[in-house]
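The values are calculated or read from the model by the stated rules, or taken from the named source; none is laboratory data. Worth saying up front: this structure is predicted, and the values here are computed from it rather than measured. Counting neighbours? That spans all protein chains shown, and the Cβs are built from the backbone with ideal geometry, glycine included. For accessibility, only protein heavy atoms count, side chains too; no ligands or nucleic acids. Shrake-Rupley method; radii C 1.70, N 1.55, O 1.52, S 1.80 Å.
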Amino acid sequence: MDREDALACFRERFVIDDQDLIYLDGNSLGRQPKRAADLVSVAAEQQWAKRLVTGWPDSWYTLPQRLGAKIAGLIGAREDEVIVADSTSVNFFKLAHAALMARPGGSAILTDRDNFPSDVYLLQGLLEVAPGHRLRIAETEGATGESNQVLAGKINADTALVTVSHTAFKSGFVYDMTAITEAAHRHGALVLWDLSHSVGAMPVDLEAAGADMAVGCTYKYLNGGPGSPAFLYVRRELQAQLTSPIWGWFGQRAPFDFSLEYEPAPGIRRFMAGTPPILSMVAIEAGVDLLLEAGMERIRAKSVCQTEYLIALWREFLQPLGISLNSPTESAKRGSHVSFGHPDGLRIDKALIEQMNVIPDFRFPDNIRYGIAPLYTTYREIWEGVARLKQVVEEKLYERYSSEKPEVT
Ligand SMILES: *Cc1c(COP(=O)(O)O)cnc(C)c1O
């Protein structure tokens, strides 16, 4: 399968030091594109070192919009609808707040319990500064594949904002973006999608779905590097109606007028706050360009083929050992990672990392996540990842590791 894979050639565009390392955590931190280090070094050694502050007008000032326009090509947005700024968490807060202010009618924010906790914390914090609103959390269970009906059933005339992760970080369940957006719009609510676990792993078509707002991170399937800044999307027609709660000068109409009156920039730039982190922002372009070159349709086709292969191997070798499948079985409802469940999941994860040269990750309470990044994950790695997991469980190699939770997993 690796020999017949049309995308196999992209693997060598990434830094891969240890061919024996089975890296299955590209959904948490993508591998480093070779060109990323070159871009950082140009920014540091050519621009910063030599051009100094003139780097701003020369190259840096328009970078958030230039990168946003490229990311737009991955998510079915128009070029002026996406900008790179801040972290996903901060962008999420800005847009959720803006949505509530624009929808004074409804009082409820609806999310689901499969959402990424940071988003839920941000909504809890939002209630502190937007009194009169309530948070409702739909009782979804991603692995069953039924979340669309559960969530849509909770949307009503009182709903101001619906916000969920497009792909759930534990189960890998993928929402039907068009159906949920339509259901929300029927009741006059806005929708904010978190694309962190979707972008770069599958085609997203925000425009076709009629989506209002979205956020997403760039260090997972976009391979932007640890802590690389995030992006946000606001549909062109909505931009003038929404205002960021953080009135920084980079979101001002003319920051270099240094006027003391805040007036938001007319377009997507109004959602910026302060000076962007250029050194980590420049690295994002390398991974985004690789994804654009490969094409999201081909990437998704390979991802589906690879997750199907992984699940077939699970059925043959892992299920008989008592490992469950915590992801939907239907590929149309699944993103690019697969979660396996085992009561000793954390200890198994530790054994894989420390003894077997496999890097998955672990998500409480029992999820061992195998993330597939089609630009560099090979079929051989999937086979090896399963064979080594099988060995850990069969030979009970995990028993020598403690079940104590490390600070970071
Ligand atoms: C990874 C991830 C984030 C990360 O947020 P940061 O602010 O970058 O830490 C947010 N939401 C989802 C759904 C994620 O998967």
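Among the residues of region 297-322, just one is over 19 Å from Asp25 (Cα atoms) and open to solvent by less than 20 Å² (accessible area, probe 1.4 Å), namely Leu318.
What about Val282, is it under 21 Å from the mean Cα position of the chain (by Cα), under 30 Å from Thr329 (Cβ atoms) and of a type outside the set (Phe, Trp, Tyr)? No.
Among residues of region 234-273 being of a type in the set (A, V, I, L, M, F, W, C) and outside any loop (DSSP other than H, G, I, E, B), the one that is nearest to the chain's Cα centre (by Cα) is Val234. Considering region 116-151, and only residues there that are of a type in the set (Val, Ile, Thr) and open to solvent by 10 Å² or more (accessible area, probe 1.4 Å), the residue that is farthest from Ser336 (Cα to Cα) turns out to be Val129. The set of residues in region 306-364 that are touching a Pro at 6+ places or on another chain (Cβ under 9 Å) and either among the hydroxyl-bearing types (Ser, Thr, Tyr) or at positive phi (or both) comprises Gly322, Ser336.
Just one of (1) in contact (Cβ under 8 Å) with a residue 12 or more places away in the chain; (2) within 16 Å of the ligand (Cβ to nearest atom) fails for Ala130. It is (2). Ile246 passes every criterion in (1) open to solvent by 20 Å² or more (accessible area, probe 1.4 Å); (2) closer than 25 Å to Met101 by Cα; (3) more than 16 Å from the ligand (Cβ to nearest atom) apart from (3).
Would you confirm, using the coordinates I've provided, whether Ser59 is among the small types (Gly, Ala, Ser), surrounded by fewer than 21 Cβ atoms within 10 Å (Cβ to Cβ) and over 25 Å from the mean Cα position of the chain (by Cα)? In short, yes. Within region 156-187, being within 17 Å of Leu123 (Cα to Cα), among the aliphatic types (A, V, I, L, M) and over 22 Å from the mean Cα position of the chain (by Cα) holds for one residue alone: Ala160.
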